Amino acid sequence: MAEWTPNGVRTTRKKIGMDTSAQSIPYAIQVKDLVKTYPNAEALKSISFNVEHNELFGIIGPDGGGKTTLFRILTSLMLPTSGTAQTFGFDVKKDYKEIRKIIGYMPGQFSLYQDLTVEENLQFFAKIFGASISENYELIAEIYDHIKPFKDRKAGDLSGGMKQKLALSCALIHHPKILFLDEPTTGIDAVSRMELWDMLKSLKKKGVTIVVSTPYMDEALLCDRIMLLQEGTILDSNTPPGIVQNFDKSIVAVETKDNKNSIKGLRQLPYLDSVHTFGYEIHASATQPIDIELLKSDLEKMGFGDAEVKRITPTIEDCFMDLMQNAANHG
């Protein structure tokens, strides 16, 4: 995009979504047989996957699943033990300088300068990348406008949600092609969580490819496609509806006045494969259709005549628990 500066010099500025080089790169991220081992653990176990251009891709899994290790490799901050990984066509081993020019990275822990003000942090990161706030303000305006009233406040004095918005603004100030967010909503309130996801959807519309990790299953539904990662292994990768559609078991929700003890009894029933607590309910699944009347009768024999049982559609978390159990059984 050509424009004229005040001194009359014609310059060319590349806008996100307008860089035609993406046309020759099949995927924004390509990972093949990636392994990362530590002295006492294998963090990533030969995983392979791709991320499409302009996709909001979620990596879902609990702490210790390998999410942060994967992010550090894809952002060139850590070398893999074996396998290959490319970020926008650049190899993470050989092209780390190029990768760092085109990515935005927001780690799980707040890593900005606590003693600098909001505005000073933003100016600092813009200067590092040879950018300016005015040049790229359009991209961060929706995010930064939330914290602009506090631009003279030190970053360390901000609330959790405001810190995340500042960190996101700093990660975007140089117009990256790909944005990596490692558990961006951990530790912030529910309103800030939804605001941040709304901002991510807006960024996607502006042409940014986004890779986000989260331990929250409800956030999986907000992604275009997700990858379920557990103990360094990919359990499944699909669209959220696709993962639910692949759940091929019968599943019911059970609620009693004493879920703590009723779950123990349910786990003794031979026709149930899996029994887990989900909020105020217990979800039970089986490979064969579950006879609700038989289940109620068995619960009554256990002393839970008040039990409510209903058939339900599985959630992403149900699918994840089932996949984890299958992996453990075949491990």
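Quick note: the coordinates plus some simple rules give every number you see, no bench work behind them. Because the structure is a prediction, the values reported are computed rather than measured. Using ideal geometry, Cβ is built from the backbone for each residue, glycine included, and neighbour counts are taken over all protein chains shown.
Among the helices of the chain, none built from whole DSSP H runs has Cα atoms reaching 24 Å or more along its own axis together with a mean Kyte-Doolittle hydropathy of at least -0.5.
Size descriptors for the stretch 116-177: radius of gyration and Dmax over Cα atoms are 10.5, 30 Å. The ratio of the alpha-carbon radius of gyration of the stretch 248-313 to the globular-protein estimate 2.2 N^0.38 Å is 0.96.
Peptides 159-166, 278-285 ranked from most to least packed give 159-166, 278-285, packing being the mean of other C-beta atoms within 10 angstrom over each peptide's residues.
Pairs from the list K127/K163; K45/K127; K201/K257; K93/K154; K45/K310; K127/K177 with a Cα-Cα gap above 30 Å: K45/K127; K201/K257; K93/K154; K45/K310. Projecting the Cα positions of V211, I178, H276 onto the charge dipole of the chain (unit charges on Cβ atoms of Lys, Arg, Asp and Glu, taken about the Cα centre) puts I178 furthest along the positive direction. Between the C-alpha center of the stretch 118-169 and that of the stretch 221-266 there is a gap of 38 Å.
The alpha carbons of the chain occupy a box of 86, 44, 37 Å along the principal axes, longest dimension given first.
Loop-located chymotrypsin sites (Phe, Trp or Tyr not before Pro) in the stretch 111-195 (DSSP state not H, G, I, E or B) with no more than 16 neighbouring Cβ atoms inside 10 Å: Y113, F129.
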